[in-house]
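> This is the structure I want to talk about, given as structure tokens.
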Amino acid sequence: MADDVVFEDVAPVVPVRDLQAALARYRRLGFAVRAYEGEARYGFVERGSVSLHLTEWDEHDPARTAAAVYLYVSDADALHAEWAAAGVTGRLGQPSDTEYGLREFAYVDPDGTLHRVGSPLT
């Protein structure tokens, strides 16, 4: 293993069926969004230090090719309230305490992406 290589960041690539709809959904969830300016149907969403890439994929089937991301946040309850007020489609679960020390909830968007969200229990 090379000790001189430093991992600096990560940006999961999430498949979507409709890039414009996905960008609009993430905008409603409080992310800064932008589409790639080239020919590819690709986009970027960012909030704080979190970055996700979106790729429009004709063969994406939420039952077979869905993604999952875990977002660590400072206050899961506050974010849950914000996302509930945004009124986006999908399934938004209720926050609960976990045995592993996090306050956590889940949101599954219409593209099948599971967003697990957690903050440390105080």
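Quick note: the coordinates plus some simple rules give every number you see, no bench work behind them. Computed from a prediction, not measured in an experiment: that's the story for all the values here. Neighbour counts run over all protein chains shown; Cβ positions are idealised from the backbone, glycine included.
> Hey, any hits in segment 43-50 for a residue that's under 23 Å from G118 (Cβ atoms) and of a type in the set (F, W, Y)?
Keep residues of segment 43-50 that are under 23 Å from G118 (Cβ atoms), which gives 45-50.
Cutting the leftovers down to of a type in the set (F, W, Y) gives us none.
No, every residue in segment 43-50 fails to be under 23 Å from G118 (Cβ atoms) and of a type in the set (F, W, Y).
> Sort out which residues of segment 21-48 are closer than 20 Å to D9 by Cβ, in contact with a Gly (Cβ under 8 Å, 6 or more places away or on another chain) and crowded, with 16+ Cβ neighbours inside 10 Å, and write them in order of number.
Of everything in segment 21-48, those that are closer than 20 Å to D9 by Cβ, in contact with a Gly (Cβ under 8 Å, 6 or more places away or on another chain) and crowded, with 16+ Cβ neighbours inside 10 Å turn out to be V33, R47.
> What is the residue count in segment 1-33 for residues that are among the small types (G, A, S) and under 19 Å from P110 (Cα atoms)?
If we filter segment 1-33 for residues that are among the small types (G, A, S), which is where we start, we get 2, 11, 21-22, 24, 30, 32.
Filter once more, so that each one left must be under 19 Å from P110 (Cα atoms): 21-22, 24, 30.
Final tally of qualifying residues: 4.
> Right, here's the next one. Which one is nearest to D111 (Cα to Cα) among residues in segment 34-86 that are part of a loop (DSSP other than H, G, I, E, B) and hydrophobic (A, V, I, L, M, F, W, C)?
Residues of segment 34-86 part of a loop (DSSP other than H, G, I, E, B): 36-41, 48-49, 57-61, 66-67, 73-75.
So of that shortlist, the ones also hydrophobic (A, V, I, L, M, F, W, C) come out as 40, 57, 66-67, 73.
Numbers: A40: 19, W57: 11, A66: 7, A67: 9, V73: 22 Å.
Here the residue is A66.
> May I pose another question? Residues T55, T122, T65: which one is without any contact (Cβ under 8 Å) to a residue 24 or more places away in the chain, of a type in the set (V, I, T) and more than 16 Å from R28 (Cα to Cα)?
T122
> Count, please, the residues in segment 94-109 that happen to be in a loop (DSSP other than H, G, I, E, B) and touching a Lys or Arg at 6+ places or on another chain (Cβ under 7 Å).
Adding up the residues that qualify gives 2.
> Out of everything in segment 9-20 that is of a type outside the set (A, V, I, L, M, F, W, C) and assigned to a loop (DSSP other than H, G, I, E, B), what residue ends up being surrounded by the fewest Cβ atoms within 10 Å (Cβ to Cβ)? Give the derivation first.
Here is the first cut: in segment 9-20, the ones of a type outside the set (A, V, I, L, M, F, W, C) are 9, 12, 15, 17-18, 20.
Now narrow it down to the ones that are assigned to a loop (DSSP other than H, G, I, E, B): 9, 12, 17-18.
On the way: D9: 7, P12: 14, R17: 16, D18: 14.
That would be D9.
> Sticking with this one: Looking at segment 93-101, is at least one residue β-branched (V, I, T) and surrounded by 12 or more Cβ atoms within 10 Å (Cβ to Cβ)?
Residues of segment 93-101 β-branched (V, I, T): 98.
Then keep just the ones that are surrounded by 12 or more Cβ atoms within 10 Å (Cβ to Cβ); that gives none.
No: zero hits.
> Which numbered condition in (1) small (G, A, S); (2) without any contact (Cβ under 8 Å) to a residue 12 or more places away in the chain; (3) within 30 Å of T122 (Cβ to Cβ) is the only one that G38 fails?
So G38 meets the others, but not (3).
> If you don't mind, there's one more thing I want to ask. Within segment 74-107, take every residue that is touching a residue at least 24 places away in the same chain (Cβ under 8 Å) and among the aliphatic types (A, V, I, L, M) and give me the one that is nearest to A21 (Cα to Cα).
V88
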